[in-house]
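*Asks:* Quick one: structure below, then a few questions.
The values are calculated or read from the model by the stated rules, or taken from the named source; none is laboratory data. If you're wondering where the values come from, they're calculated on a predicted model, not measured in any experiment. Methodologically, a virtual Cβ is constructed for each residue, glycine included, from the backbone with ideal geometry; neighbour enumeration extends over all protein chains shown. With ligands, DNA and RNA removed, areas are computed over all heavy atoms of the protein, side chains included. Shrake-Rupley method; radii C 1.70, N 1.55, O 1.52, S 1.80 Å.
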Amino acid sequence: MAQPQLDVFQVIADPSRRYMLQLLSQQSLTINSLAENFDMSRPAVSKHIKVLHAAGFISIHDIGRERHCTLKREGFTELQQWISFFDKFWITKLKKLESILNQKAN
Amino acid sequence: MKKISHTLFFPHGPEVVWQYLTNADLMELWLMKSDFLPVAGHQFQFRIPPMPQLEFDGVIHCKVLDIVPMKKLSYTWNSGPGDGKFTLDSVVEWTLHPKDNGTELQLQHTGFKGTEHINMFAALEGGWLQNMNKILKLANTATHGTTTA
């Protein structure tokens with residue numbers, strides 16, 4: 001049952017999973033209606049959905065007999081955290097370089 | 001934000017600025033200690049404090065991609081949780097432009113894998129926020145109508 005947890009980047013490296021996220025960004029869909037967009041077996045679709053779910057990209061709700069998938073935002077924030085972290089990192093480092101070079105005589 | 005870009009001006013010729021980008025001893029003064037060598041294909045590392053919440057073991061794995069003396073230097077900038085896989089996959093590029101009285105240095109940190117989804121997410125979040133505001137307004141109106149707190 002437990003499968004290795006993939007990180008955000010591994011999750012969205014797969015084109016099918018990216019397309020699933022795109023479809024879900026427009027509306028919530030049942031697994032069946034999602035599967036109609038793909039030329040792959042239903043178990044293969046389910047497997048991708050499990051991966052998206054495990055990584056926090058989507059949530060799944062059982063309504064009647066149908067499983068509804070909805071986009072979640074947790075998975076997307078990690079990347080933004082990285083970019084803003086390194087933006088601050090470089091600003092700090094570049095200030096240091098600037099002060100070193102500006103003190104240096106020509 | 002999908003990429004990082006900063007431009008600086010130094011009152012020095014490109015040869016001086018270049019030294020600070022490519023000499024490991026000088027790099028350590030402002031950036032970090034590393035085993036950098038100005039050779040295409042050379043692999044080197046930087047170390048910063050680990051960040052477990054981002055699956056980062058503290059090691060930045062770099063490889064020199066392109067090096068054109070006094071003009072351009074680029075290297076990969078990858079990291080991960082320490083199991084050999086990279087969760088951060090990006091590229092740092094330095095470009096030097098000689099000017100009359102100095103050098104303009106541009107840093108670009110780009111190629112973050114996965115950024116194509118940030119726009120989608122931002123659009124989505126915008127929509128949610130608007131809806132949340134509507135709900136809050138309605139909730140506030142309802143509350144104020146029934147209580148006198």
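*Asks:* Output yes when any residue across the range A:18-38 is facing another protein chain (nearest Cβ under 7 Å), at negative phi and crowded, with 19+ Cβ neighbours inside 10 Å, and no when none is.
*Replies:* Within the range A:18-38 (the criterion being facing another protein chain (nearest Cβ under 7 Å), at negative phi and crowded, with 19+ Cβ neighbours inside 10 Å), the answer is yes, since at least one residue qualifies.
*Asks:* Being surrounded by 15 or more Cβ atoms within 10 Å (Cβ to Cβ), more than 10 Å from chain A (Cβ to nearest Cβ) and not in a loop (DSSP other than H, G, I, E, B) is the filter here, so list the residues in the range B:25-44 that pass it.
*Replies:* B:PHE44
*Asks:* Before we move on, is A:LYS50 more than 12 Å from every other protein chain (Cβ to nearest Cβ), open to solvent by 40 Å² or more (accessible area, probe 1.4 Å) and either at pLDDT below 90 or in a helix (DSSP H, G or I) (or both)? Give the derivation first.
*Replies:* Working: more than 12 Å from every other protein chain (Cβ to nearest Cβ): yes; open to solvent by 40 Å² or more (accessible area, probe 1.4 Å): yes; either at pLDDT below 90 or in a helix (DSSP H, G or I) (or both): yes.
So A:LYS50 passes the test.
Residue-by-condition table, conditions (1) within 28 Å of B:GLY82 (Cβ to Cβ); (2) under 17 Å from the mean Cα position of the chain (by Cα):
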position: B:HIS6; (1), (2): no, yes
position: B:PHE9; (1), (2): no, no
position: B:PRO14; (1), (2): no, no
position: B:TRP18; (1), (2): no, no
position: B:LYS33; (1), (2): yes, no
position: B:LEU37; (1), (2): yes, no
position: B:GLN45; (1), (2): yes, yes
position: B:MET51; (1), (2): yes, yes
position: B:GLU55; (1), (2): yes, yes
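*Asks:* Still on this structure, please answer the following. Tally up the residues in the range B:1-24 that are more than 12 Å from chain A (Cβ to nearest Cβ) and β-branched (Val, Ile, Thr), please.
*Replies:* 1
*Asks:* Additional query: Of everything in the range B:56-83, what is assigned to a loop (DSSP other than H, G, I, E, B) and open to solvent by 70 Å² or more (accessible area, probe 1.4 Å)? Give them in sequence order.
*Replies:* Within the range B:56-83, B:PRO69, B:MET70, B:LYS71, B:ASP83 meet the criteria.
*Asks:* Mind listing whichever residues of the range B:86-102 are surrounded by 15 or more Cβ atoms within 10 Å (Cβ to Cβ), touching a helix residue (DSSP H, G or I) at 6+ places or on another chain (Cβ under 9 Å) and of a type outside the set (Asp, Glu)?
*Replies:* Going residue by residue through the range B:86-102, those that are surrounded by 15 or more Cβ atoms within 10 Å (Cβ to Cβ) are B:86-96, B:102.
Next cut, touching a helix residue (DSSP H, G or I) at 6+ places or on another chain (Cβ under 9 Å) only: B:86-90, B:92, B:94, B:96, B:102.
B:PHE86, B:THR87, B:LEU88, B:SER90, B:VAL92, B:TRP94, B:LEU96, B:GLY102, listed by residue number.
*Asks:* Could you check how many residues of the range A:65-76 are open to solvent by less than 80 Å² (accessible area, probe 1.4 Å), more than 8 Å from chain B (Cβ to nearest Cβ) and not in a strand (DSSP E or B)?
*Replies:* Initially, the range A:65-76 is screened for residues open to solvent by less than 80 Å² (accessible area, probe 1.4 Å), giving A:66, A:68-72, A:75-76.
Add one more test, that the residue is more than 8 Å from chain B (Cβ to nearest Cβ), and what stays is A:66, A:68-70, A:72, A:75.
Next cut, not in a strand (DSSP E or B) only: A:72, A:75.
The number of residues fulfilling the criteria is 2.
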